[in-house]
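Read the structure below first, then the notes.
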Amino acid sequence: MKIRIIGSVGSGKTTLAKKLSEMKGISYFETDRIVWKREQIEVRRTDSEKNELLKQIINQPNWIIEGVHIEPWAMDSFTKADIIIFLDLPKRQIRYQLIKRQIKQLLRIESAHYPIRLKMLKQMFYWDNLFDSKTKPTIQNKRMEEPQKWLTIKKKSEIKKILQTISNRDIV
């Protein structure tokens, strides 16, 4: 089973990927970790490094890839996926989740790969707006190519149904 998850920042991509990973026993990968080498300092990978890393992942028999990236280097993750889950939650839900995440990180309940500051929360709101204006139209076009592969989640309550549907599918 090959699953690709896409949605705006704060939409729940990583949480869903972790749940599916545990449920199906399939490794999950974050596109952010394909873009960024996270060692002592963050370094952006070159396009050829990103392409090679993604190729290694998608050549595995089963995988879950989550992330907002829909640039040319990431397109094979959509083409090779058996299922593509689009988390298209309402803006107020995403903003609530972003604020909740920030509070958890400030209280050290949740870890972060970035500095925890109000400036970062503003940046995430900016990325959410950018997702709506730039990424969503690309997703709409991509969905028309293979509509049978796409599952769209419009409400958080629909995630349980999707998890049930996928849990009943065999790994192929």
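The values are calculated or read from the model by the stated rules, or taken from the named source; none is laboratory data. This one's a predicted model, so the numbers in the text were calculated from it and none came from an experiment. Counting neighbours? That spans all protein chains shown, and the Cβs are built from the backbone with ideal geometry, glycine included. Side chains included, ligands, DNA and RNA excluded: accessible areas come from the protein's heavy atoms. Shrake-Rupley method; radii C 1.70, N 1.55, O 1.52, S 1.80 Å.
Being at pLDDT below 95, surrounded by 15 or more Cβ atoms within 10 Å (Cβ to Cβ) and either under 29 Å from Met1 (Cα atoms) or not β-branched (Val, Ile, Thr) (or both) narrows it down to one residue among Arg108, Arg101, Arg117, Arg92; which is it?
Details: Arg108 fails: surrounded by 15 or more Cβ atoms within 10 Å (Cβ to Cβ); Arg117 fails: surrounded by 15 or more Cβ atoms within 10 Å (Cβ to Cβ); Arg92 fails: surrounded by 15 or more Cβ atoms within 10 Å (Cβ to Cβ).
None of the others qualify; the one that does is Arg101.
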List the number of the failed condition for Val43; all other conditions in (1) open to solvent by 70 Å² or more (accessible area, probe 1.4 Å); (2) part of a strand (DSSP E or B) hold. (1)
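To keep it simple, each residue is scored yes or no on (1) in a strand (DSSP E or B); (2) surrounded by 19 or more Cβ atoms within 10 Å (Cβ to Cβ); (3) at pLDDT 95 or above.
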| residue | (1), (2), (3) |
| --- | --- |
| Phe29 | yes, yes, yes |
| Lys37 | yes, no, no |
| Lys50 | no, yes, no |
| Leu54 | no, yes, yes |
| Gln60 | no, no, yes |
Quick one: Met75 ticks every box in (1) open to solvent by less than 70 Å² (accessible area, probe 1.4 Å); (2) in contact (Cβ under 8 Å) with a residue 40 or more places away in the chain; (3) not β-branched (Val, Ile, Thr) bar one, so which box is it? (2)
Ser21: touching a residue at least 24 places away in the same chain (Cβ under 8 Å), surrounded by fewer than 20 Cβ atoms within 10 Å (Cβ to Cβ), small (Gly, Ala, Ser) and under 26 Å from Thr165 (Cα atoms), yes or no? yes
Restricting attention to the stretch 96-152, the residues that are farther than 20 Å from Glu71 by Cβ and in a helix (DSSP H, G or I) number exactly 19
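Looking at the stretch 62-72 only, could you name the residues that are surrounded by 14 or more Cβ atoms within 10 Å (Cβ to Cβ) and either in contact with a Pro (Cβ under 9 Å, 6 or more places away or on another chain) or not aromatic (Phe, Trp, Tyr) (or both)? Even if it seems obvious, please write down each step before you answer.
Within the stretch 62-72, the first condition is being surrounded by 14 or more Cβ atoms within 10 Å (Cβ to Cβ), and the residues that meet it are 62-70.
Answer for the stretch 62-72, where residues must be surrounded by 14 or more Cβ atoms within 10 Å (Cβ to Cβ) and either in contact with a Pro (Cβ under 9 Å, 6 or more places away or on another chain) or not aromatic (Phe, Trp, Tyr) (or both): Asn62, Ile64, Ile65, Glu66, Gly67, Val68, His69, Ile70.
Quick check on my filter: what residues within the stretch 62-72 are without any contact (Cβ under 8 Å) to a residue 12 or more places away in the chain and either under 9 Å from the mean Cα position of the chain (by Cα) or not in a loop (DSSP other than H, G, I, E, B) (or both)?
Initial filter on the stretch 62-72 (without any contact (Cβ under 8 Å) to a residue 12 or more places away in the chain): 71-72.
Once the filter is applied, which keeps residues that are without any contact (Cβ under 8 Å) to a residue 12 or more places away in the chain and either under 9 Å from the mean Cα position of the chain (by Cα) or not in a loop (DSSP other than H, G, I, E, B) (or both), the stretch 62-72 yields only Pro72.
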Report every pair of residues separated by at least 6 positions or lying on different chains whose Cβ atoms are under 8 Å apart, first residue within the stretch 87-115 and of a type in the set (Val, Ile, Thr), second in a helix (DSSP H, G or I) and at pLDDT 85 or above. Ile94/Asp128; Ile99/Leu121
